[in-house]
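Presented below is the structure to which this report refers.
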Amino acid sequence: MAQSGVMRIWSSSTPAVRVIALINIVLFAVPTIIDMVGFSLAGVTLTDLLLIWGAKNNIAIAAGDQYYRFITMMFLHAGLLHLLFNTMALVSIGTDIEQLCGTQRFLGIYLVGGFAGGVASYLFSANPAVGASGAIFALIGAELIFIVRNRRLYGDQAKQLLANVGFTALLNIGIGFVTPNIDNMAHIGGLVGGVICGLLLTPRLIPVMNADGSVVPAKQTLSWGWYGVIAVLVVLVGIVMTAIPAIDLG
């Protein structure tokens with residue numbers, strides 16, 4: 001029964017969500033399995049090497065120009081529970097956003113919002129970090145904007161939907177403040193990035209009457225939305241290139 005439930009959820013997910021989830025799972029599972037047979041390089045397990053090479057590391061980014069870490073950190077996870085929670089959230093929230101916005105806009109929100117989360121972590125948290133949480137919080141931010149933008153269409157449900165999504169965001173941020181080893185700055189940065197990208201990329205649903213008299217929602221998007229996303233990227237890159245990151249001097 002549990003397996004059929006998982007398969008049902010997976011089968012209802014969208015293409016880009018599945019690809020990202022599979023990348024996350026493979027990058028965690030394959031090194032873990034290889035580690036189990038005793039493989040290592042210079043005494044370091046493959047899992048540890050991936051985390052060393054791909055985690056957000058402020059010193060490596062600032063001193064070594066290793067900017068790729070803002071991307072790789074989104075696809076690496078530090079443990080099985082970390083991976084499971086993020087995968088469940090990705091499949092749940094990401095499927096909704098991809099269905100509502102389309103694959104390209106979903107990826108824009110996910111990647112740019114996740115980058116914003118990494119930049120916030122870079123500025124305000126000295127600790128190394130990995131995980132898709134910042135990008136997932138970006139999806140939450142975009143979902144909030146979508147509901148607000150289409151609140152008239154949702155009618156009486158709008159307040160309840162906003163309360164549910166808002167409560168989820170605040171609860172997880174609250175947990176991040178009281179739980180060690182959670183990069184809450186990435187969560188907050190991802191949420192803010194998702195709100196901004198949501199304003200630029202999520203559609204407004206306009207009721208349109210068909211010839212047979214039925215009413216269906218048509219999607220109306222900002223014609224200049226992608227230019228705005230590019231501007232956000234430029235600002236984020238400028239911040240990374242000029243700001244002094246948080247460094248642990250202890």
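Surface composition of segment 11-76: carbon and sulfur atoms hold 75% of the protein heavy-atom accessible area at a 1.4 Å probe. Across the options I173, G155, V192, the greatest Cα extent toward the positive end of the charge dipole of segment 53-211 (unit charges at beta carbon of Lys, Arg, Asp, Glu) belongs to G155. Within the accessible area of segment 80-236, the carbon and sulfur atoms contribute 67%, probe 1.4 Å, all protein chains present. At 222 nm, what value in deg cm²/dmol follows for the chain if DSSP H runs of at least 4 each add -39500 (n - 2.57) and the sum is divided by all its residues, to the nearest 500? That calculation yields -21500 deg cm²/dmol at 222 nm. Based on Cα atoms of segment 32-180, Rg over Rh with Rh as the Kirkwood radius reads 1.04.
Membrane-span-like helices in the chain, defined here as complete DSSP H runs extending at least 15 Å along the helix axis by their C-alpha atoms with mean Kyte-Doolittle hydropathy no lower than 0.0, are 15-36, 103-124, 133-149, 157-178, 184-201, 225-242; this is a sequence and geometry rule, not a statement about a membrane. First check a/c for segment 39-82, with a ≥ b ≥ c the square roots of the eigenvalues of its C-alpha gyration tensor; if it is under 1.5, answer rounded, and if not, answer prolate when a/b is larger than b/c or oblate otherwise. Verdict is oblate for segment 39-82.
Computed about the Cα centre, the dipole magnitude for segment 73-205 is approximately 380 debye when only Lys and Arg (+1) and Asp and Glu (-1) carry charge, each at its Cβ.
Determine the sum of side-chain charges near Q220: Lys and Arg each +1, Asp and Glu each -1, restricted to other residues whose C-beta is under 12 angstrom from that of Q220. Taking every other residue near Q220 into account, the sum is +3.
By definition, a body whose alpha carbon gyration tensor gives a ≥ b ≥ c is oblate when a/c is 1.5 or more and a/b is not larger than b/c, and segment 86-126 fits this oblate description. Note on the chain: Kirkwood hydrodynamic radius from all Cα pairs is 19.2 Å, rounded to one decimal. Looking at the square roots a ≥ b ≥ c of the eigenvalues of the Cα gyration tensor of segment 104-210, which shape do they give, rounded for a/c under 1.5, prolate if a/b is larger than b/c, or oblate? Oblate, because a/c is 1.5 or more while a/b does not exceed b/c.
Relative contact order of segment 142-226, taken over Cα pairs closer than 8 Å and 6 or more residues apart, is 30 percent. For segment 100-185, the solvent-accessible area with a 1.4 angstrom probe is 47 square angstrom per residue. Residues with beta-carbon under 9 Å from that of A158, excluding A158: net charge, scoring Lys, Arg +1 and Asp, Glu -1? Once all neighbours under 9 Å are counted, the net charge is +2. T47 sits with roughly 30 Å² accessible to a 1.4 Å probe, with DNA, RNA and ligands left out of the calculation. Using a cutoff of 8 angstrom between alpha carbon atoms and counting only pairs six or more residues apart, the relative contact order for the chain works out to 21 percent. At full extension, I59 and L81 could sit 5.2 nm farther apart than now, given 0.36 nm per residue minus the alpha carbon distance. Segment 39-114 and segment 140-217 have Cα centres separated by 22 Å.
The values are calculated or read from the model by the stated rules, or taken from the named source; none is laboratory data. Quick caveat: nothing in here was measured; it's all calculated off a predicted structure. Methodologically, a virtual Cβ is constructed for each residue, glycine included, from the backbone with ideal geometry; neighbour enumeration extends over all protein chains shown. Only protein heavy atoms, including side chains, enter the accessible area calculation; ligands, DNA and RNA are left aside. Shrake-Rupley method; radii C 1.70, N 1.55, O 1.52, S 1.80 Å.
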